[in-house]
Structure formats: C-alpha cells, structure tokens
Amino acid sequence: MNVYDLIIIGSGPAGLAAAIYAQRAKLNTLVIEKAMVSGGQVLNTYEVDNYPGLPGIGGYDLGLKFREHADKLGAVFAEDDVVRVEDEGDGKVKRVIGQDHTYEARALIIATGAHHRLLGVPGEERLSGSGVSYCATCDGAFFRNKVTAVIGGGDVAVEDAIFLARMCSKVYVVHRRAELRAAKSLQEKLFSLDNVEMVWDSVAEEICGENRVESLKLSNVKTGEKREISLQGVFIAVGITPESQAFEGLVDMEGGYIKAGEDCLSSAPGIFAAGDVRQKQLRQIITAAADGANAVTSAERYLMKH
Ligand SMILES: Cc1cc2nc3c(=O)[nH]c(=O)nc-3n(C[C@H](O)[C@H](O)[C@H](O)COP(=O)(O)OP(=O)(O)OC[C@H]3O[C@@H](n4cnc5c(N)ncnc54)[C@H](O)[C@@H]3O)c2cc1C
C-alpha cells in the first residue's frame, strides 16, 4: 500500500489551504473528502464579505476557487467517508479507514469541520426540506414574499434574519433569552428592519404542517404563554456540532472539539487538527485557512524528525 507523507481529511477551507501548503512543501499528500464537491460549509454561504481581497464573493465561488488552487498545484483527492483512524503512536504509520478503502500516512491533518445542530422538536425532521431549513443563504430565495421565522440568537441567526428580510414579507426571530448574543453591529441592522419581529424569551415547541410548514408553536419560557404563528418557513440557526465522531479515543477533545493549539498539534504525535473541528476562539474561513497552513508547517517539522 502507498504510504503517503500526509493525509488531509476534509476539503473545506482548512483542508484545501493545507493541501495548497502541502503541495508547495512537496509532501506526498492525499486529501480525502466525503462530499462530491470540495468547499465545506462555505458552499452553503450566499455571500462572504470578510475574506480579505474578495469582498462580497459568493460562498460557492470561493469554495471552487480554493479547490481550483489546490488542483492547479497538483493536489490528489479521494472521495471517501473516513470512519476511523488506527494509530500505534509516535513515528508509526497511521491507518485511515474509510467506508470504501483504507489509506496509510506518516502524518494526518483532521480538517473535518462542523455541521448544523438540530433543534430537536416535533415536525423538524419530517418537514426538513419542506419549509424547515438550516441555511437561509441556500434556501431563502424559495420564501420570497412569504412569512418565515429564524430560531436562534447568535451571529448566524441574525445574519440569516437580515438576509431573509430582504425577500420575505415578514421574519420572526425567536430567541430563548431577552437579548441576542450576536455582534452589536448585526443587532443594530436587524432592529432597523421594519419587517422583522423579535419573539423574546420563547422556544419552539413544534413545527406544524401536513406536507409543508404551515405554522410554528411557541412557548414563552418566563410566562408559559403559548402562541402559534402562521408561516411558510422555519430557519434553524442554533449552533454547530464538530465533525469529530470518527476520531473519538484517538485524540483528546472537549465538547467534541479537538484540543490543539495554534500549532494544530493534537494529543497524538503526528496528528494535527485544523479549522472548525479544532478547539479555538473564532470559527471562520480565514481562521480555518490559517489553521491549514499552520498544520502543514507542524506536520513538516514532525516528518523531518521521523
Ligand atoms: C451559513 C454559514 C455562513 C457562514 N458565513 C461565513 C462568512 O461569511 N465568513 C466566514 O469567514 N465564515 C463563514 N462561515 C463559517 C465558515 O464557513 C467555516 O468556519 C469554515 O467553512 C470552516 O472550514 P473547515 O475547513 O474547518 O470546515 P468545513 O467547511 O466544515 O469543511 C469540512 C469538510 O470536511 C468534510 N468531512 C467531514 N467529515 C468527514 C469525514 N469523516 N471524511 C471525509 N470528509 C469529511 C466535509 O464534507 C467538508 O467538506 C459560515 C458558515 C455557515 C454555516
């Protein structure tokens, strides 16, 4: 079996930045990606306005650009879903078990990112794709002139609500507390919109509808008061979960995030974590890409010693 210098698991911004740096470092590298298209969460982003040099670029276009750059430098990709890694320790070959094949490398970068968290209320799964969405930028256009609700109180929830307010007749923002966690600048923008109504101190109890979303049942956590809103779309933005289940027991984690510092070195020598899957302060494209670069630099140092 071909033993690669480096295997990168995941091809979002972290994995693709790592692939670019690995190609330039002349490491014999394989990138394993479970999705048919590279780019990760960026593909679901309507517009990215905070990546330096590319103001307002579409998320899908940015994902493609990252992949094209890696391709141009000769990066090699395999489509497979990594389910487990076997590691016998420092200096030993690491075995990556995918659904289809097994791969071997002297060092690994885990760049598997994160996914949307479910709300866990009745109707959510059944009506997912029929009015329930986790991505306003992907699905918002289907709700032109319709009434929608966004559930959540962080940056993504508020960004989603601002975006939806451009096309929906009305947007409710349902939040379990009396104030939002989102950046103040986003809050100011949200509160300035005439067609946005805040529903404070409230949680969703059920998403209702026969074949499509028709209403949302809410409960006020302070007063116990119940309310049912007629609407056509429910956008859930209640956080993300790291994609790290395949690496449980392999590396130390906290809350599912792999513990690693700026050098991206995990608790297992030769295994590095980059991007949203790493325990860190800010999960963005720019920090994911930076991790990819740092992880390769650390991997190079590790490979030189072994
Ligand atoms: C709606 C939305 C809007 C956003 N807007 C912005 C923005 O405007 N600006 C910004 O900077 N950031 C934004 N972000 C955040 C940004 O997209 C993420 O921080 C970034 O994509 C993280 O990159 P990553 O490479 O770590 O992970 P991801 O982008 O999650 O990529 C991980 C990749 O790994 C693959 N993978 C996972 N598990 C496996 C496995 N077991 N085997 C093989 N492959 C696997 C996945 O398929 C995926 O392709 C947004 C995120 C969302 C959801």
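Any idea what angle helix 59-72 forms with the longest principal axis of the chain, computed on alpha-carbon atoms, 0 to 90 degrees, nearest 10?
Rounded to the nearest ten degrees, it is 10.
Apply the Karplus curve 6.51 cos²θ - 1.76 cosθ + 1.60, θ = phi - 60°, to the phi angles in segment 32-39 and return the couplings in whole Hz, x for Gly and Pro.
With coefficients 6.51, -1.76 and 1.60, one gets 10, 10, 7, 7, 6, 10, 7, x Hz.
If you fit an axis through the alpha-carbon atoms of helix 285-305 and take the longest principal axis of the Cα set of the chain, what angle between them do you get, 0 to 90°, nearest 10?
Around 20 degrees separate the two axes.
Which FRET efficiency value, to the nearest 0.05, is calculated for residue 141 and residue 61 with the Förster distance at 22 angstrom and r the Cβ-Cβ distance?
Once rounded, the FRET efficiency stands at 0.85.
Dipole size in debye (nearest 20) for the chain around its Cα centre, Lys and Arg Cβ +1, Asp and Glu Cβ -1?
About 400 debye.
Given H placed 1.01 Å from N in the peptide plane, which residues other than close sequence neighbours of residue 268 have an amide H under 5 Å from its amide H?
So residue 268 has HN proximity to 252.
Would you work out what percent of the accessible area of segment 1-131, with all protein chains in place, is carbon or sulfur (probe 1.4 Å)?
Within segment 1-131, the accessible surface is 47 percent carbon and sulfur.
Among 299, 271, 221, pick out the residue whose Cα is farthest towards the positive end of the charge dipole of segment 217-306, where Lys and Arg carry +1 and Asp and Glu carry -1 on C-beta, about the Cα centre.
My answer, from the dipole projection, is 221.
Tell me the mean residue ellipticity at 222 nm calculated for the chain from its helices only (DSSP H runs of n ≥ 4, each -39500 (n - 2.57), averaged over every residue, nearest 500).
Helix-only estimate at 222 nm: -7000 deg cm²/dmol.
So between residue 50 and residue 301, what do we pick up on full extension, going 0.36 nm a residue minus the alpha carbon distance?
87.2 nm
Could you work out the relative contact order of segment 132-236? I mean the mean sequence separation of Cα pairs under 8 Å and 6+ apart, divided by the number of residues, in percent.
This gives 31 percent for segment 132-236.
Any idea what the dipole of segment 69-164 comes to, in debye rounded to 20, about its Cα centre with Lys/Arg Cβ at +1 and Asp/Glu Cβ at -1?
The calculated dipole for segment 69-164 is roughly 240 debye.
I'd like the trypsin sites (Lys or Arg not before Pro) in segment 1-41 restricted to DSSP loop residues with at most 14 other Cβ atoms within 10 Å, sorted by number.
26
What accessible area per residue comes out for segment 1-135, rounded to a whole number of Å², with a 1.4 Å probe?
Accessible area per residue, segment 1-135: 49 Å².
Stokes-Einstein D for the chain at 10 °C, 1.306 mPa s, Kirkwood Rh over Cα pairs, in µm²/s?
Rounded, D is 77 µm²/s.
Semi-axes of segment 132-236's equivalent ellipsoid from the Cα gyration tensor, sqrt of 5 times each eigenvalue, largest first, rounded to whole Å?
19, 18, 11
Hey, for a label at residue 212 modelled as a point 7 Å past Cα toward Cβ, could you say which residues of segment 125-167 have their backbone N under 16 Å away?
Flagged as within label range: 127-133, 139-149.
Out of residues 5 or more away from residue 115 or on other chains, whose amide H comes under 5 Å of its own, with H placed 1.01 Å from N in the peptide plane?
241, 243
What is the chain's relative contact order, in percent, from Cα pairs under 8 angstrom and six or more apart in sequence?
So the answer I get is 21 percent.
Each residue of segment 230-242 in order: what ³J(HN,Hα) in whole Hz does its phi give by Karplus 6.51 cos²θ - 1.76 cosθ + 1.60, θ = phi - 60°, with x for Gly and Pro?
Using θ = phi - 60°, the values come out as 7, 7, 10, x, 10, 9, 9, 9, 10, x, 10, 10, x Hz.
The values are calculated or read from the model by the stated rules, or taken from the named source; none is laboratory data. Because the structure is predicted, anything quoted here is derived from the model rather than measured. Note: ideal-geometry Cβ built from the backbone for every residue, glycine included; neighbour counts use all protein chains shown. Surface accessibility is based on the protein's heavy atoms, side chains included, excluding ligands, DNA and RNA. Shrake-Rupley method; radii C 1.70, N 1.55, O 1.52, S 1.80 Å.
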